[in-house]
Amino acid sequence: MNSFQGNGNLIFLKGLNINTLEIKGKLTVLDDCNFEKFVFSGKAEVGNLLGNTLQLHGSIVGKNISAENIDIFGEFNLESILGKNINIKGGNGHINSIKGDSISILGASEEDKRNAINGIDNIFKESFFKKISEYINFDKLKEHMNSEDSYIYIDKIVGRDIKLKNVIANYVEGTNIEILEGCKIKVLNKNNI
């Protein structure tokens with residue numbers, strides 16, 4: 001299949017090979033999904049995702065993600081992420097292992113959450129999101145956004161350039177590591193290459 005755009009509640013069986021995939025709503029991918037570009041907004045439950053460019057906004061639970069460029073914003077629970085450029089920003093999340101060249105992991109601060117709540121209120125004014133609200137409970141999402149910082153829990157992070165904020169990690173290894181506020185790192189291994 002060359003490309004697919006869809007809204008609503010979608011289920012893909014295993015072995016999906018597609019060039020461009022754009023989904024808004026609720027998605028279930030039962031097993032491997034190969035893509036060139038995958039843009040998703042909503043709630044997803046996935047097996048293994050493999051491709052070039054991945055943009056996920058919302059909530060995702062799954063196994064393994066492997067892509068050149070990965071942008072994730074929201075809540076997540078994943079086994080592993082492997083990529084070249086990895087940007088993760090969001091609320092409470094857990095990932096067992098992340099490996100990449102350039103990694104930025106930023107847990108949401110109080111200000112980020114306030115901006116997100118205001119953004120959700122503005123989003124409700126758009127007709128598309130009135131329709132998508134049948135599948136996603138935005139009131140529940142706003143309820144979970146309290147005034148405290150949200151942390152991202154990661155067992156192991158390995159990369160070259162790493163930037164962390166509000167991250168709790170057991171092990172971090174890299175060449176250029178920037179640790180911002182709210183981080184708790186058990187073992188830090190800085191390579192001098």
Residue match in the stretch 105-114 (condition: modelled with pLDDT of 90 or more and buried (at least 18 other Cβ atoms within 10 Å of the Cβ)): yes
Unique residue being open to solvent by less than 40 Å² (accessible area, probe 1.4 Å) and within 25 Å of Val172 (Cβ to Cβ) when the list is Ser41, Ser80: Ser80
Matching entry among Ile162, Ile168, Ile86 (being over 16 Å from Ser41 (Cβ atoms), at pLDDT below 95 and within 19 Å of the chain's Cα centre (by Cα)): Ile168
Verdict on Gly100 being closer than 29 Å to Asp161 by Cα, touching a Gly at 6+ places or on another chain (Cβ under 6 Å) and open to solvent by less than 40 Å² (accessible area, probe 1.4 Å): yes
Criterion: open to solvent by 70 Å² or more (accessible area, probe 1.4 Å), at pLDDT below 60 and within 19 Å of the chain's Cα centre (by Cα) - qualifying residue of Asn122, Asn137: Asn137
Residue within the stretch 180-187 that is open to solvent by less than 60 Å² (accessible area, probe 1.4 Å), in contact with a Phe, Trp or Tyr (Cβ under 6 Å, 6 or more places away or on another chain) and modelled with pLDDT of 90 or more present: no
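Every residue, every condition in (1) without any contact (Cβ under 8 Å) to a residue 24 or more places away in the chain; (2) small (Gly, Ala, Ser), yes or no:
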{"residue": "Lys26", "(1), (2)": "no, no"}
{"residue": "Asp31", "(1), (2)": "yes, no"}
{"residue": "Leu56", "(1), (2)": "yes, no"}
{"residue": "Ile60", "(1), (2)": "yes, no"}
{"residue": "Leu78", "(1), (2)": "yes, no"}
{"residue": "Ile88", "(1), (2)": "no, no"}
{"residue": "Gly107", "(1), (2)": "no, yes"}
Check on Lys37, modelled with pLDDT of 85 or more, more than 12 Å from the chain's Cα centre (by Cα) and more than 24 Å from Val158 (Cβ to Cβ): yes
Set Lys24, Lys89: member being crowded, with 16+ Cβ neighbours inside 10 Å, under 22 Å from Gly159 (Cα atoms) and touching a helix residue (DSSP H, G or I) at 6+ places or on another chain (Cβ under 9 Å): Lys89
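The values are calculated or read from the model by the stated rules, or taken from the named source; none is laboratory data. All values derive from a computational prediction rather than experimental measurement. All Cβ positions, glycine included, derive from the backbone under ideal geometry; neighbour counts span all protein chains shown. These area figures cover heavy atoms from the full protein model, side chains too; ligands, DNA and RNA do not enter into them. Shrake-Rupley method; radii C 1.70, N 1.55, O 1.52, S 1.80 Å.
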